Amino acid sequence: MAGASRLIRKKEKEISMIEPKNILVAEDSLEDFMLLKAAFKAAKLPHRLHNVRDGLQVVTYLKGEPPFGDRGVAPFPHLLILDIHMPKVDAFDVLSFLRGRPELECPVILLSGSLPPIDIRKAVNLGAAECFDKPQEMGDLITLVQTIHHRWLHETGK
């Protein structure tokens, strides 16, 4: 019993020491964005999620152009999460835009309800770090955000 309590306290201390990172989430569904935000909160991950609704806004945000010119309000992200199918400019167009622009570089993860193998190959060839299917269950979404944290946002310099 005492061992379990020690383990819980250690885990709580580790979580409280996580440095919050900024994540730009390109998701046209406000409901899906809120679910992702709730999953980070349920996983006790303090990262700050910023939402844009389409690929054109992603480009504008990354370039720091209005209305995203104030980096205090719209900080450059440590990670970009893209829905593959967005209005105006899709994830592939965003990835193509980012190629050859090291000043705008950050890891990019695709998160979509439908990721056929051909789209995964195309995304990776264009520079996506990873591609994930959107989980249907909250427990699976929490597990996914924990995976994202450990792979891309953990304090080991990522």
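The values are calculated or read from the model by the stated rules, or taken from the named source; none is laboratory data. Please read these numbers as outputs of a predicted model, since none were measured by experiment. Using ideal geometry, Cβ is built from the backbone for each residue, glycine included, and neighbour counts are taken over all protein chains shown.
When you look at Glu12, is it more than 18 Å from the chain's Cα centre (by Cα) and at pLDDT below 95, yes or no?
Values: more than 18 Å from the chain's Cα centre (by Cα): yes; at pLDDT below 95: yes.
Answer is yes for this residue.
Scan the stretch 32-39 and give yes if some residue there is modelled with pLDDT of 95 or more, buried (at least 17 other Cβ atoms within 10 Å of the Cβ) and of a type in the set (A, V, I, L, M), otherwise no. Give the steps one after another, and end with the answer.
Filtering the stretch 32-39 down to residues modelled with pLDDT of 95 or more leaves 33-39.
In the following step, the residues that additionally are buried (at least 17 other Cβ atoms within 10 Å of the Cβ) were identified as 33, 36-37, 39.
Restricting the remaining residues to those that are of a type in the set (A, V, I, L, M) gives 36, 39.
Yes; the residues of the stretch 32-39 include at least one that is modelled with pLDDT of 95 or more, buried (at least 17 other Cβ atoms within 10 Å of the Cβ) and of a type in the set (A, V, I, L, M).
Mind checking which pairs have a first residue in the stretch 103-121 that is loosely packed, with under 13 Cβ neighbours inside 10 Å and a second that is of a type in the set (Val, Ile, Thr) and not in a helix (DSSP H, G or I), Cβ under 8 Å, 6 or more apart or different chains?
Ser114/Ile84
Just to verify a result, which residue in the stretch 15-31, among those that are at pLDDT below 95 and of a type in the set (A, V, I, L, M, F, W, C), is surrounded by the fewest Cβ atoms within 10 Å (Cβ to Cβ)?
It comes out as Met17.
Pick out, from the stretch 62-158, the helices (runs of 4 or more DSSP H) lying fully within it that include 2 or more residues that are within 17 Å of Phe40 (Cβ to Cβ) and at pLDDT 90 or above.
On the way: elements: 91-98, 117-125, 138-148.
Answer list for the stretch 62-158: 138-148.
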